Amino acid sequence: MPSGSDPEAEVRLVLLVSDGVSDQVDLETWTTLCRSHPDDPQALADALVAAVVADCEGYRDDCTVIALLRPAV
């Protein structure tokens with residue numbers, strides 16, 4: 001997921017996700033969840049995992065999220 005439109009902006013939130021998350025969660029949901037939990041990495045990780053739903057055949061891939069929040073400088 002892009003860090004934003006300003007390449008000079010400091011990145012405070014770093015997300016490491018498995019393909020079960022990146023392939024299943026749409027960009028609008030990513031954006032909404034990141035904006036909803038900007039200072040709570042655990043809540044964001046939990047919300048992203050919860051956003052993964054089974055596909056039309058009932059398959060739900062394993063999903064893992066690691067969310068790291070860097071302190072403001």
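The values are calculated or read from the model by the stated rules, or taken from the named source; none is laboratory data. Since the structure is predicted, the reported quantities are computational estimates derived from the model, not experimental observations. Methodologically, a virtual Cβ is constructed for each residue, glycine included, from the backbone with ideal geometry; neighbour enumeration extends over all protein chains shown. We work out accessible area using only protein heavy atoms, side chains counted, and drop any ligands, DNA or RNA first. Shrake-Rupley method; radii C 1.70, N 1.55, O 1.52, S 1.80 Å.
The residue that is most open to solvent (accessible area, probe 1.4 Å), among those in the range 23-35 that are within 21 Å of Arg12 (Cβ to Cβ) and among the polar types (S, T, N, Q), is Thr32.
Suppose we keep only residues that are in a loop (DSSP other than H, G, I, E, B) and at pLDDT 85 or above within the range 36-57. Which one would you say is most open to solvent (accessible area, probe 1.4 Å)? Before you say what the answer is, go through the steps one by one.
If we filter the range 36-57 for residues that are in a loop (DSSP other than H, G, I, E, B), which is where we start, we get 37-40, 52-57.
Narrowing further to those that are at pLDDT 85 or above: 37-40, 52-53, 57.
Values: His37: 50, Pro38: 68, Asp39: 103, Asp40: 73, Val52: 7, Val53: 86, Glu57: 161 Å².
In this case the residue turns out to be Glu57.
The C-beta contact set for the range 57-73 (first residue at negative phi, second residue open to solvent by 80 Å² or more (accessible area, probe 1.4 Å) and in a strand (DSSP E or B), distance under 9 angstrom, 6+ apart or interchain) comprises Thr64/Leu16; Val65/Leu16; Ile66/Leu16; Ala67/Leu16; Leu68/Leu16.
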